[in-house]
1. Is the range 270-287 home to any residue that is within 30 Å of GLY122 (Cβ to Cβ), open to solvent by less than 20 Å² (accessible area, probe 1.4 Å) and touching a helix residue (DSSP H, G or I) at 6+ places or on another chain (Cβ under 6 Å)?
2. Could you grab me the full set of residues in the range 212-227 that are open to solvent by 50 Å² or more (accessible area, probe 1.4 Å) and of a type outside the set (D, E, K, R)?
3. Quick one: in the range 240-288, which of the residues that are of a type in the set (Phe, Trp, Tyr) and more than 30 Å from ARG64 (Cβ to Cβ) is modelled with the highest pLDDT?
4. What do you reckon, is THR54 more than 28 Å from GLU187 (Cβ to Cβ) and assigned to a loop (DSSP other than H, G, I, E, B)?
5. Consider the range 124-142. How many of its residues are modelled with pLDDT under 85 and either closer than 15 Å to VAL256 by Cβ or surrounded by fewer than 19 Cβ atoms within 10 Å (Cβ to Cβ) (or both)?
6. Pick out the one residue from PRO92, PRO59 that is open to solvent by 20 Å² or more (accessible area, probe 1.4 Å) and in contact with a Ser or Thr (Cβ under 9 Å, 6 or more places away or on another chain).
Amino acid sequence: MEVSIVIEKMMILVLIMLVGFIARKAKLTDDVANRYLSRLLINVFLVCSILRSTVNVDPVLSGREMLILFGLFALGFAIYWLMGFLTVTVFPMKKDRGITILLMVFINTVFLGFPIIEGLYGSEAIFAASLSTIIFNVLLYTAGVALLTKDSRGSFSFRELLNAPVVAVLISLILFFTGIRVPVVIEETISTIAAGTVPLSMIIIGTSLGGIAYREIFTDWRPYVISAVRLLVCPLLCALVFRHLTDNAMMLGVLVILSACPPAVMLTPFCIDYGQDATLASKTICIATVLSVITIPLVLWIAL
């Protein structure tokens, strides 16, 4: 892969993120606005991005390839989980064991991974990448909840698994396998809304970073260890494994890009919802997101 293309795409994303950062510092937005914008992004803009990948387009992958890709995503999450377990075992992080594993497993695929994939492989690849959201949500609301609660069974509702992006993936699967066509006016409406997914997602990241006191971040060693494993060890290990399991360049690219993403922004409110100290999560997300500007192009240059 041409590394200059990746760097160019990352710089565009960083500049959009900087707009969000400046907007937060200028007090044009706050945490309350960010929560509502995040909901809007996930439930409207992301849904349209996923649907756009299959509405009236010829799929880039066959049904068999989609099943293989789904299995590879599952394998990827298993690798992330293993690396999280090894990290809390090797380093003195037992007090933050659950949060550390969450930061390793649940990554910013939607806000950061999807825009990069769309920029490099086109909107058709978003449907392929969106299959990872099914595994993401199932794990987050089962094993993820169990990590943050004393009850090892976890307390969750199956309705939480059927959120808007997962429903959009299921609808896309129906469109994919049936070949159903929709009216052009609906296709254009979906495409127009979906076009705002990338800038809005990066602005949200920027406004989130703008609300953190940086002086409190850089004195803690834990976020750097987690970031190093998350941003370098995980994707390079995944690339080594996946290169032997698929010869489809687009599938390999999607898998490696997603594996190279920093922790998901939503983990901070997720930890708070379950009564956990979200300080480590916020610090790690901030540092890893900034470092990913360098590590993602580096990983793709090495792995692809």
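1. No, the range 270-287 contains no residue that is within 30 Å of GLY122 (Cβ to Cβ), open to solvent by less than 20 Å² (accessible area, probe 1.4 Å) and touching a helix residue (DSSP H, G or I) at 6+ places or on another chain (Cβ under 6 Å).
2. ALA213, TYR214, PHE218, THR219, TRP221, TYR224
3. So, considering only residues that are of a type in the set (Phe, Trp, Tyr) and more than 30 Å from ARG64 (Cβ to Cβ), the one modelled with the highest pLDDT is PHE270.
4. no
5. Looking only at that region, the number is 3.
6. PRO59
The values are calculated or read from the model by the stated rules, or taken from the named source; none is laboratory data. Because the structure is a prediction, the values reported are computed rather than measured. Positions of Cβ are backbone-derived with ideal geometry, glycine not excepted, and every protein chain shown enters the neighbour counts. Note: accessible area is taken over every heavy atom of the protein model, side chains too, but ligands, DNA and RNA are not part of it. Shrake-Rupley method; radii C 1.70, N 1.55, O 1.52, S 1.80 Å.
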